[in-house]
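The values are calculated or read from the model by the stated rules, or taken from the named source; none is laboratory data. This one's a predicted model, so the numbers in the text were calculated from it and none came from an experiment. Positions of Cβ are backbone-derived with ideal geometry, glycine not excepted, and every protein chain shown enters the neighbour counts. Keep in mind that these areas ignore ligands, DNA and RNA; they rest on the heavy atoms of the full protein, side chains included. Shrake-Rupley method; radii C 1.70, N 1.55, O 1.52, S 1.80 Å.
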Amino acid sequence: LALLAVRPTEPAALVLLAVVGVGNALVDIGLFTLIARRAPDAVLAAVFGLLESAGAVGVAAGSLLAPLMIHLVGTRGALAFVGLLSPVAVAATWWRLRALDVTVSHQDHEIDVLRAVPTFALLPLPAVERLARALEPLAVDRGEVVFAQGDEGDRFFLIEAGSAEVLGDGVAVTTLGPGDGFGDIALLRRIPRTATVRALTDLHLMALSGDRFLAVLTSFRPSAAAASAQVDGQLHRYAP
């Protein structure tokens, strides 16, 4: 629109407004995707409702103000002002926008880690994103127990760095490393922990509440069936 103020002719308007249309599509994709990825599930509907309401009010206000602006500063002045408004706003808030990019990039890493876990492999991407938003970092020192056999199962764990050993009745069963998840048996079968998990090195974990784990995983039949089959295959190793 600002460029159109330089040469307000019909051919230039057709070309530049086509560019505006493409730009709108790209902005909408980024905007709605970013909101869906960053807003908590509990307020997501309210956030989108507020966004749509603000857009409708903005269109109405613009319709009322545009004739007044044209009357005061002319067509070219109005086009220049409106056209420069968004670029200036973006430049003024660039550091905030870049910070959002960083948070989304960090979430992308968590999504990649989650999708590498067989339990979540069949989940659609939006479901994995829901899990990624709920992950909580947890550090466990070498030699400490993450949970003990017989404990109540309330969380699922994913190893980001370090290694841990799984003990059934005090006997080492297997070793877990980066990318491995554990704790799903007690959650899916609603039974006490079937084994003890102890840190062999300093552990950096990502923890997921049992409620969120079950809500997402059991919402999709293929992933729920695959996770159940995987648990059945592990129970003979971990059962007391």
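Numbers at a glance
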| quantity | calculated |
| --- | --- |
| Carbon + sulfur, % of accessible area of segment 12-112 - ligands and nucleic acids excluded, 1.4 Å | 76 |
| All-pairs alpha carbon distance profile, segment 17-136, 5 Å steps from 0, percent | 2, 9, 12, 17, 17, 13, 10, 7, 5, 4, 2, 1, 0 |
| Carbon plus sulfur fraction of accessible area for segment 132-232, probe 1.4 Å, in percent | 48 |
| Sparse-neighbourhood loop sites, trypsin sites (Lys or Arg not before Pro) in segment 102-186 - DSSP loop, at most 16 other Cβ within 10 angstrom | ARG142 |
| In segment 96-180, GluC sites (Glu not before Pro) in a DSSP loop with at most 15 other beta-carbon atoms within 10 Å | GLU144, GLU152 |
| Radius, Kirkwood style, for segment 127-201 when every pair of distinct Cα atoms is counted (Å) | 12.8 |
| Equivalent ellipsoid dimensions for segment 165-237 as semi-axes, Å, which come from the Cα gyration tensor, largest first | 22, 15, 11 |
| Among ILE70, ILE185, ILE159, residue whose mean-square fluctuation peaks in a GNM of the chain (springs only between Cα atoms under 10 Å) | ILE70 |
| Accessible surface, the chain, averaged per residue in Å² (probe 1.4 Å) | 59 |
| Prolate/oblate/rounded label for segment 111-240 (Cα gyration tensor, a/c 1.5) | oblate |
| Length added when fully stretched, THR93-VAL15, from 0.36 nm per residue minus Cα-Cα | 25.2 nm |
| Mean ellipticity per residue at 222 nm, deg cm²/dmol - from DSSP H runs of n ≥ 4 across the chain, formula -39500 (n - 2.57) | -21000 deg cm²/dmol |
| Surface accessible to a 1.4 Å probe, VAL47 within the full protein complex, Å² | 50 |
| Sparse-neighbourhood loop sites, trypsin sites (Lys or Arg not before Pro) in segment 4-86 - DSSP loop, at most 16 other Cβ within 10 angstrom | none |
| Binned Cα-Cα distances of segment 4-86, short to long, each 5 Å bin given as a whole percent | 3, 12, 14, 20, 18, 13, 9, 6, 3, 1 |
| P(r), alpha carbons of segment 107-156 - 10 Å bins starting at zero, rounded % | 20, 42, 33, 5 |
| Projected area averaged over orientations for segment 40-111, convex hull of C-alpha atoms, nm² | 6.6 |
| Cα gyration tensor of the chain - equivalent ellipsoid semi-axes, whole Å, descending | 54, 17, 14 |
